[in-house]
Amino acid sequence: MKRPAKKSSPLVLDPVLIIGTTLSVLLGVIFYVREDTAQGLALLAGLIGGVITLQVQTLLREKRRVDHETTVGQLVSTIEKIPWLTELMVPILRAAKHVEREYPGTPAVDACRAAFDECLRTLTDLERGHFRTPYGDNAVFQRLIDQTKRTMCATSVPSVDLAWWREPVGRQYWEAQLNALKRGVKIRRVFIYREWTDELDELAREQIAAGVQVRRVHVDRLPPAMRVISALWDGSCGHELSYTAAGEAVYDTFTVSPPDLERLMTQFEMIERNAVELDQPRTPDSVS
């Protein structure tokens, strides 16, 4: 079994100690060889140099200790300020330490680092008020609708989500809105369509009958940037669905950033102004 390499003492490798000792020796030698100075002065110069070196080394070591304790203290303080973080950090750090100790030089270490990097990217997005969830995960939508007290504003692009409305996850989403309507929440929805089919008409009228304020607008009346699936709840959280050119949904993006919320609200109001009620004419006047 290969023994781990013996680590050098930090005292031996301390650059301040090395440089100070070298200078002290040089001073002693210089004073010793000079014939116009007393030999005792050489010893004194060397001792003074050594004392100064030890003092500087002690001060630097104390500064490093204080800096370390300050950093550790700040980390502990930050963790303690978030009630649920302590119980997560202990097993996370234990697992990372275990990987580093038991599997050095293996892909497991790289995977561990990649996991932390991905976590950092997620937290950096959250720092800006953004977060993503996989498409089809209804948990965030359910919680947002359940917490809504005043208004929900949303758009729908049937070429992307018409079938989704009839799936179990879509019906669950609709049931949550029905409960919100009963609580007095005002829901406004605009369908951005390319072809108004019987199936789409049935869906829209079902929502109108339940109390949703529904409007519709042909895609040609909107610039491409506004042909989106989005939503806002009480103006405090917004959502945009990312999907491919073929209409395949990829992931849901949420934001609580005030500038983003203002942008989404302005965008929704512009879409709504270009839309009409179901029984109004729907001639698709193209956008210039």
Along segment 136-150, Karplus-curve 3J(HN,Hα) (6.51, -1.76, 1.60; θ = phi - 60°) to the nearest Hz, with x for Gly and Pro, reads x, 7, 8, 4, 5, 4, 4, 5, 5, 5, 4, 8, 5, 10, 10
Just read off the accessible area of residue 234 with the full protein assembly in place, 1.4 Å probe, to the nearest 10 Å².
30 Å²
From the phi of every residue in segment 160-166, what ³J(HN,Hα) in whole Hz does the Karplus formula 6.51 cos²θ - 1.76 cosθ + 1.60 yield, where θ is phi - 60° and glycine or proline is x?
9, 10, 4, 5, 4, 4, 8
Obtain the nm distance between the two label points defined at residue 277 and residue 149 by a simple spin-label model: each point lies 7 Å from its Cα along the Cα-to-C-beta direction.
3.1 nm
Report, ordered by chain and residue number, the aspartates and glutamates lying within cross-link reach of residue 149, taken as a straight Cα distance under 14 Å and ignoring same-chain residues fewer than 8 apart.
234
Expressed as a percent, the accessible surface of segment 149-279 that is carbon or sulfur, using a 1.4 Å probe and the full set of protein chains, is 50 percent
How high is the FRET efficiency between residue 249 and residue 95 when r is their beta carbon distance and R₀ equals 25 Å, given to the nearest 0.05?
0.15
Per 10 Å bin from zero, what fraction in whole % of the C-alpha pairs of segment 82-128 is there, up to the bin with the longest pair?
24, 45, 26, 4
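Largest first, what is the accessible-area ranking of 273, 128, 188, 171 with a 1.4 Å probe?
On the way: 273 170, 128 125, 188 45, 171 70 Å².
Result of the area sort, largest leading: 273, 128, 171, 188.
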To the nearest 10 square angstrom, what accessible area does residue 270 show with a 1.4 Å probe?
70 Å²
I'd like the accessible area for residue 130: 1.4 Å probe, protein heavy atoms, all chains in place, Å² to the nearest 10.
40 Å²
Once phi is turned into θ = phi - 60°, what whole-Hz ³J(HN,Hα) does the Karplus curve with 6.51, -1.76 and 1.60 give for every residue of segment 96-106, x standing for Gly and Pro?
4, 4, 4, 4, 4, 7, 8, 10, x, x, 10
Just add up the charged neighbours of residue 219: K/R +1, D/E -1, any other residue whose Cβ is under 9 Å from the Cβ of residue 219.
+2
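Hey, with R₀ at 35 Å, roughly what FRET efficiency would residue 205 and residue 120 work out to, going by the Cβ-Cβ distance, to 0.05? Intermediate values should be presented prior to the final figure.
Details: r = 48 Å, r/R0 = 1.36.
Efficiency computed from Cβ-Cβ geometry: 0.15.
The values are calculated or read from the model by the stated rules, or taken from the named source; none is laboratory data. Owing to the predicted nature of the structure, the values given are computational and were not obtained by experimental measurement. Positions of Cβ are generated from backbone atoms using ideal geometry, with glycine treated the same way; all protein chains shown enter the neighbour counts. What goes into the accessible areas is simple: the full protein's heavy atoms, side chains included, and nothing from ligands, DNA or RNA. Shrake-Rupley method; radii C 1.70, N 1.55, O 1.52, S 1.80 Å.
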